[in-house]
């Protein structure tokens, strides 16, 4: 065995990369005629990516992204909100008191105050 073979580390060899082609389906947008798959825009919006992050990912301008993919951006972000709400409810229903209180305050309008908000009269005073 040669010294070169002994010192060679296992793993991928960047010189022997296999090359291939990939077909992407989607509208052609922008001056550079870039193909952007709408389902990928949806997925990126669904995980909370900002418009500029998605536009940068595809190499297009923010305005081009918003003009061509407004529906995918809205649906993706709404899907993220629904998933987050679903998970919050799961956590709350599993017995997490903090999440139950937070959801009660934010979704049901509950407060920590023990007074009735509709009655603003002062309480009677007694010395006795």
Any residue in the range 70-90 that is more than 20 Å from the chain's Cα centre (by Cα) and part of a helix (DSSP H, G or I)? no
Looking only at the range 1-41, filter to residues that are at pLDDT 85 or above and in a helix (DSSP H, G or I); which one of those is surrounded by the fewest Cβ atoms within 10 Å (Cβ to Cβ)? 39
Within the range 62-69, does at least one residue satisfy the condition of being in a helix (DSSP H, G or I), out of contact with any strand residue (DSSP E or B) (no Cβ under 9 Å at 6 or more places or on another chain), loosely packed, with under 14 Cβ neighbours inside 10 Å and touching a residue at least 12 places away in the same chain (Cβ under 8 Å)? yes
Do we have any residue at all in the range 43-59 that's more than 16 Å from the chain's Cα centre (by Cα), free of Cβ contacts under 8 Å to residues at least 40 places away in the same chain and either in a loop (DSSP other than H, G, I, E, B) or on the phi > 0 side of the Ramachandran plot (or both)? yes
Can you tell me which residues in the range 91-110 are surrounded by 10 or more Cβ atoms within 10 Å (Cβ to Cβ) and assigned to a loop (DSSP other than H, G, I, E, B)? 96, 110
Check residue 124 against each of (1) surrounded by 12 or more Cβ atoms within 10 Å (Cβ to Cβ); (2) assigned to a loop (DSSP other than H, G, I, E, B) and name the one condition it does not meet. (1)
Scan the range 70-89 residue by residue and report those that are surrounded by 14 or more Cβ atoms within 10 Å (Cβ to Cβ) and without any contact (Cβ under 8 Å) to a residue 24 or more places away in the chain. 88, 89
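The values are calculated or read from the model by the stated rules, or taken from the named source; none is laboratory data. Note that the structure is predicted; figures quoted are calculated from it, not measured. Positions of Cβ are backbone-derived with ideal geometry, glycine not excepted, and every protein chain shown enters the neighbour counts.
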